[in-house]
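Trainee: Here you go, one structure.
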Amino acid sequence: MKNYAYILLALMVLTACQKSENEQAAAMLSQIQTLYGEARYAETLDSIESLRMKFPKAIETRKQALRIWQEASLKMAQDDVQQTDSALQATLLQIDQAKTLLEANMLRQKRDSLRARFEAMCGVVRMIHMRQGNSQPQ
């Protein structure tokens with residue numbers, strides 16, 4: 001009986017010394033915040049997914065990570081909108097300067113594709129703003 005008491009006491013000491021999931025996840029969250037601060041948004045999102053899988057019970061840390069997830073997703077979508085808009089503007093100029101009908105038609109097809117992508121990414125930005133509770137895009 002005494003042996004069981006010692007084993008139980010040893011287990012209690014070992015368990016008490018272990019960090020909680022929130023404490024363990026906090027170190028990972030710090031790394032995620034660093035990645036976000038360095039504008040490494042894809043890596044930020046990957047790290048948040050990893051945090052979610054490793055620490056499913058770290059609720060408070062996961063709540064903080066969700067806010068970073070939304071911000072990183074928003075930044076990525078805004079960057080994509082900007083790049084797509086630039087490519088669309090360049091394509092519109094090229095259409096006017098096309099030398100053949102074939103070239104103009106190929107550029108119009110590219111224009112249509114870029115417009116569709118632009119509209120889709122603007123929709124993504126609007127959806128993220130809605131999820132964040134913002135009524136007006138910033």
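Trainee: Return the pairs, sorted by first residue and then second, in which the second residue is open to solvent by 60 Å² or more (accessible area, probe 1.4 Å) and modelled with pLDDT of 85 or more, the first residue lies in the range 16-39 and is at positive phi, the beta carbons are less than 7 Å apart, and the residues are 6+ apart or on different chains.
Mentor: Short answer, once both residue conditions are applied: none.
Trainee: Hey, could you check the range 19-53 for residues that are of a type in the set (D, E, K, R) and over 21 Å from Met127 (Cα atoms) and say which is least open to solvent (accessible area, probe 1.4 Å)?
Mentor: Only one residue tops the list, namely Glu21.
Trainee: Sort out which residues of the range 88-136 are of a type in the set (Ser, Thr, Tyr) and either within 19 Å of the chain's Cα centre (by Cα) or assigned to a helix (DSSP H, G or I) (or both), and write them in order of number.
Mentor: Thr91, Ser113, listed by residue number.
Trainee: Out of the residues in the range 54-72 meeting the condition of being open to solvent by less than 30 Å² (accessible area, probe 1.4 Å) and assigned to a helix (DSSP H, G or I), tell me which one is farthest from Ser30 (Cα to Cα).
Mentor: Among them, the one singled out is Ala72.
Trainee: Determine whether Arg108 is modelled with pLDDT under 95 and open to solvent by 80 Å² or more (accessible area, probe 1.4 Å).
Mentor: no
The values are calculated or read from the model by the stated rules, or taken from the named source; none is laboratory data. None of the values given here were measured: they were computed from a predicted structure. Methodologically, a virtual Cβ is constructed for each residue, glycine included, from the backbone with ideal geometry; neighbour enumeration extends over all protein chains shown. Calculation scope for accessible area: heavy atoms of the full protein, side chains included, ligands and nucleic acids excluded. Shrake-Rupley method; radii C 1.70, N 1.55, O 1.52, S 1.80 Å.
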